[in-house]
């Protein structure tokens, strides 16, 4: 008997272990969203080969050097394989160099060396990229955090070359033939200090037979030269004909020696390409298992894990590990070397909404290091980061670093000094910095004295007023949570400033001049002017912290719901306004055919969750499912607009779980409609939170009833602490909405009700 039990237990353990080894990487398509161009974006992504949150990524290059559209699905030739960091096509890139295999006759410049390919012979997975070029050369790439393992397989009998391109800026190289190695640096990108360099080491496993230095500015080559420095300087090396050459490469922002250390630490233990590939697969499979979704729809799984992959790339590590195992980094803010952690490659205007709240839920340790590093950036340059790439760019609007501080503290992540964070934010809110609209505040004096940013004195003034008011709420809430009465009092006066740009006559947030008059000739379909990448239909909802206050302005629940409904029923008309031409966001809104709901851009992405605040959560449930099913898929056309550093992917991931972060800076996620029959979130503390959606399918999108850990659950939100404590949220799904009246206590947070 005991033997039988033992066998049973062993079999149970075995099959349980096997269940944990389900291959989730198979579902990811890194080409999701790559069919993009200036006029229309379906993601503006590239087939990223990287580890989660890694310092460097790798990608094939179809565009010319310096082109933000480094990979476009519609192109049919590849001119290099790049080290990359790019957040989107609009940001271009930094610290780039590329390698390109060439067979037969040596071709150096990016046009002559380009080789045709087809997507039928291309594989894009997180841990492995492969393409068989039409000239017979196969390229394979597998990543580590600060480098990559690359294998070029050349056709038999043909001379075999590898060309290193120094890209667009200054570069320097040294070929060391006796060691089959190239070392060097590149210096390219925006928002970089004067002494910024990306140092690299490239190690070949085959003997170098011939070599030379070349410059991509004039395509001149110097055979047998081993060193060179200048604009666009690169190198070429020749191997035996028809060889398979493996390349280990790693980079550092600190030194060549650190690059060599990175290579040794991260790639030294792998003797073969297959070993690196296997290790990268395991890292990604373990990572993706943090959220295990179950259901019958394989297409939904592919979309989910492709989005989860993309959300897991940002923000990127910008620190390295020294020979003693301690983190240190080159600072893109002051150009000095510091001990500790640093991160980069994110634009807060996009990512404060969902990407960071997702990170706070799944990776609180990393997120804690990140928010602490923002104060290090403040010490190093005098400003909080707002758009880091890798240094401060100041792009877009708002002062959303405070959102990250408040959100972290509300969720129990206490890795920073809140008084210092508030001091830094106060400095942001009462000054204008030297970089871009979001470095400090445009119109801060008028915002404090008049209660709004006047238009047309300041572009995008209404959008800025709304986002400043939300940021001030975050400052207020962080101060309230930490007993900082001075800052609590200041920002409590400012967080209601959204009211000052609401026009009761039209029911919209509007531009207002310095004398208090509304901008004439108002058209809610007109883009630009006082708005950022949107119109009045999009910005009327930008009151994340006080939706009840917005409900009151619009005349109560019934009128509020009618206004929400009208977003989808009014024509998808576009007035190009101050843009002067149709930008891609306008095209994408019209293609969605959901009225004025422009999900392809951030300002309105939270809007469908606002039905919860008016006591009709079933409308949120229906719309959340509709958006997920209609606007996302796992193909090259996978996004309804710019993916934007993990934000749009994080919207999908959170929404597929069944909730969304409407107001970061609080501990609440607002409920929607889970996409899968069962979802298991494995938390960093080792606990699991299960969303068990019984009878869930494409028709049963409505939550009929709910229990949390066996107790009846009537709220239309869930708290962070309830999730990280582990347990089960059980939902009974139905094809008919539950239209019961909801108690005020069951509605999500609004600051005007927070007494």
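Exactly one of these conditions fails for residue 221: (1) under 38 Å from the mean Cα position of the chain (by Cα); (2) part of a strand (DSSP E or B); (3) under 13 Å from residue 165 (Cβ atoms). Give me its number.
Just one mismatch for residue 221, condition (1).
Is it true that some residue in the stretch 347-360 is assigned by TED's automatic domain parsing to the domain that holds residue 534 and surrounded by fewer than 20 Cβ atoms within 10 Å (Cβ to Cβ)?
Among the residues of the stretch 347-360, not one is assigned by TED's automatic domain parsing to the domain that holds residue 534 and surrounded by fewer than 20 Cβ atoms within 10 Å (Cβ to Cβ), which makes the answer no.
Which one of 226, 249 is touching a residue at least 40 places away in the same chain (Cβ under 8 Å), buried (at least 18 other Cβ atoms within 10 Å of the Cβ) and more than 29 Å from residue 362 (Cβ to Cβ)?
Working: 226 fails: buried (at least 18 other Cβ atoms within 10 Å of the Cβ).
Every option except 249 fails the conditions.
Could you please let me know if residue 542 is loosely packed, with under 14 Cβ neighbours inside 10 Å, within 15 Å of residue 608 (Cβ to Cβ), in the same structural domain as residue 507 (by TED's automatic domain parsing) and touching a helix residue (DSSP H, G or I) at 6+ places or on another chain (Cβ under 9 Å)?
Values: loosely packed, with under 14 Cβ neighbours inside 10 Å: no; within 15 Å of residue 608 (Cβ to Cβ): yes; in the same structural domain as residue 507 (by TED's automatic domain parsing): yes; touching a helix residue (DSSP H, G or I) at 6+ places or on another chain (Cβ under 9 Å): yes.
So residue 542 does not fit the description; no.
Taking residue 669 as meeting all but one of (1) in a strand (DSSP E or B); (2) free of Cβ contacts under 8 Å to residues at least 40 places away in the same chain; (3) under 18 Å from residue 611 (Cα atoms), write down the number of the exception.
Unmet condition: (2).
Hey, any hits in the stretch 12-35 for a residue that's crowded, with 24+ Cβ neighbours inside 10 Å, closer than 26 Å to residue 184 by Cβ and in contact (Cβ under 8 Å) with a residue 40 or more places away in the chain?
Checked against the condition, which is being crowded, with 24+ Cβ neighbours inside 10 Å, closer than 26 Å to residue 184 by Cβ and in contact (Cβ under 8 Å) with a residue 40 or more places away in the chain, the stretch 12-35 yields no hits at all.
Take residue 213 and tell me if it is within 24 Å of residue 263 (Cβ to Cβ), in contact with a strand residue (DSSP E or B) (Cβ under 8 Å, 6 or more places away or on another chain) and buried (at least 17 other Cβ atoms within 10 Å of the Cβ). Show your work before the answer.
Details: within 24 Å of residue 263 (Cβ to Cβ): yes; in contact with a strand residue (DSSP E or B) (Cβ under 8 Å, 6 or more places away or on another chain): yes; buried (at least 17 other Cβ atoms within 10 Å of the Cβ): yes.
Spelling it out, residue 213 is indeed within 24 Å of residue 263 (Cβ to Cβ), in contact with a strand residue (DSSP E or B) (Cβ under 8 Å, 6 or more places away or on another chain) and buried (at least 17 other Cβ atoms within 10 Å of the Cβ).
Pick out, from the stretch 372-483, the helices (runs of 4 or more DSSP H) lying fully within it that include 2 or more residues that are more than 25 Å from residue 334 (Cβ to Cβ) and in contact with a helix residue (DSSP H, G or I) (Cβ under 8 Å, 6 or more places away or on another chain). Write out each step before concluding.
Values: elements: 401-410, 418-429, 444-450, 461-482.
Hits in the stretch 372-483: 401-410, 444-450, 461-482.
Yes/no matrix, rows are residues, columns are (1) touching a helix residue (DSSP H, G or I) at 6+ places or on another chain (Cβ under 8 Å); (2) in a helix (DSSP H, G or I); (3) touching a residue at least 40 places away in the same chain (Cβ under 8 Å); (4) surrounded by 20 or more Cβ atoms within 10 Å (Cβ to Cβ):
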residue	(1), (2), (3), (4)
282	no, yes, no, no
287	no, yes, yes, yes
310	yes, yes, yes, yes
313	no, no, yes, yes
323	yes, no, yes, no
338	yes, no, yes, no
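It is to be established whether one or more residues within the stretch 125-132 are under 23 Å from residue 242 (Cβ atoms), in contact (Cβ under 8 Å) with a residue 12 or more places away in the chain, surrounded by fewer than 21 Cβ atoms within 10 Å (Cβ to Cβ) and more than 29 Å from the chain's Cα centre (by Cα).
Taking every residue of the stretch 125-132 in turn, at least one turns out to be under 23 Å from residue 242 (Cβ atoms), in contact (Cβ under 8 Å) with a residue 12 or more places away in the chain, surrounded by fewer than 21 Cβ atoms within 10 Å (Cβ to Cβ) and more than 29 Å from the chain's Cα centre (by Cα).
Kindly list the number of the only condition in (1) surrounded by fewer than 18 Cβ atoms within 10 Å (Cβ to Cβ); (2) farther than 30 Å from residue 393 by Cα; (3) out of contact with any helix residue (DSSP H, G or I) (no Cβ under 9 Å at 6 or more places or on another chain) that fails for residue 117.
That leaves (1) as the condition not met.
Could you list all residues from the stretch 484-507 that are under 28 Å from residue 407 (Cβ atoms) and not in a helix (DSSP H, G or I)? Lay out the reasoning, then the answer.
Within the stretch 484-507, the subset under 28 Å from residue 407 (Cβ atoms) is 484-502.
Of everything in the stretch 484-507, those that are under 28 Å from residue 407 (Cβ atoms) and not in a helix (DSSP H, G or I) turn out to be 484, 495, 496, 502.
The values are calculated or read from the model by the stated rules, or taken from the named source; none is laboratory data. Since the model is a prediction, treat every value here as computed from it, not as a measurement. When we count neighbours, we look across all protein chains shown, and the Cβ atoms used for this are built from the backbone with ideal geometry, even at glycine.
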